[in-house]
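These notes are about the structure you will find just below.
The values are calculated or read from the model by the stated rules, or taken from the named source; none is laboratory data. Every value quoted in this text rests on a predicted model; they were computed, and no experiment measured them. Reconstructed Cβ throughout: ideal geometry from the backbone, glycine too, with neighbour counts over all protein chains shown. Remember, those area values only see protein heavy atoms, side chains included, never the ligands or the DNA or RNA. Shrake-Rupley method; radii C 1.70, N 1.55, O 1.52, S 1.80 Å.
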Amino acid sequence: MRITTIGATATAVAILASPITSTPATVPAVPAASVVSKPAKAASVHGEARISYIESIHDDIRFTIHAEQTPFTRPMPPTAPEGLSTDARGTLKFSHSRGEVTGWAEATVDCLVTSGRTATLTAVVTKSNVEEPGARLGISVQQGGKGEPDRLGFSWGVVNVDPENVDENGQLVRPQAGSCMAPAPFTTVIKGGYKVVHAEITKSPTQPEPAPHHS
C-alpha cells in the first residue's frame, strides 16, 4: 500500500465520555431477584466534523464516526479465543475534497479504547476510491473541554512512516495500523464535533486471577 499524504496531489486527494440508614426489622427486605442491575456503561464515540489539516489547509476534510465498545465479540484463536476487551463495532466514513476531486472511504470499526475525553479506534476499509479494501485505519478523537475545540488524528499522511519500507520504485509504503493504534489527535475540528463516553476496559474471562500475596 503506497503512502498517501492528504493534500499531496489532486489525484490522491484523500486520506486522507446520603448514606442509607438501616431498614427497621418490621419492614420486609426486597427480594434479591427483584433488584434490577443497571447495565454497564459502554465506551463510545459519536459525531461528524470537518477538520483543519495543516498540509491541506484549504481542503474540505470530514470524518463521521459511530463506534461502541463490545468486549469479547471478535474471537482470535488460538491466542485470544474470546476476543479482546477493546473489541468494538460501528462505522467510520471520511471524505477529502479539493475542488471537484473527492477522495472517500467507508470502514467497519473493529477496536475502541477510551481515556477521559479521548478515544482511539481502528476500522477496516470496505469501500473507497483512495484506499485498498481490507486496510486498517487508525483514528484518535479528543472531545474539547473548557471552550477548547475537538481534535482528531489519523494514521496516514504525516504519521505511520517506516523509512525502510519502500516499494520497487523507492516510494514509501504505509505500514498497516494495528488494532486501536492511532497517533495523537493532531488536527483541529472547525465544524461539528464528537461525543466521547469513557468506560474502563474489562478483564479477559480466561485471564487467571493473581495469586494472593502473603506478607
Taking a probe of 1.4 Å and leaving out DNA, RNA and ligands, the range 84-215 shows per residue an accessible area in Å² of 54
Other residues with Cβ under 12 Å from the Cβ of Met76 give, with Lys and Arg +1 and Asp and Glu -1, a net charge of -2
Carbon and sulfur together cover what percent of the accessible area of the range 46-109 at a 1.4 Å probe radius? 54
Quick check: residue separation of Glu68 and Ser204 times 0.36 nm, minus the Cα distance between them. What number comes out in nm? 47.2 nm
Summed residue charge, Cβ within 14 Å of Ser179's Cβ, Lys/Arg positive, Asp/Glu negative: +1
Full-extension gain between Ala80 and Leu172, please, as 0.36 nm times their residue separation minus the C-alpha to C-alpha distance. 29.9 nm
Note on the range 63-186: contact order normalised by length, alpha-carbon pairs under 8 Å, 6 or more apart, percent, works out to 18
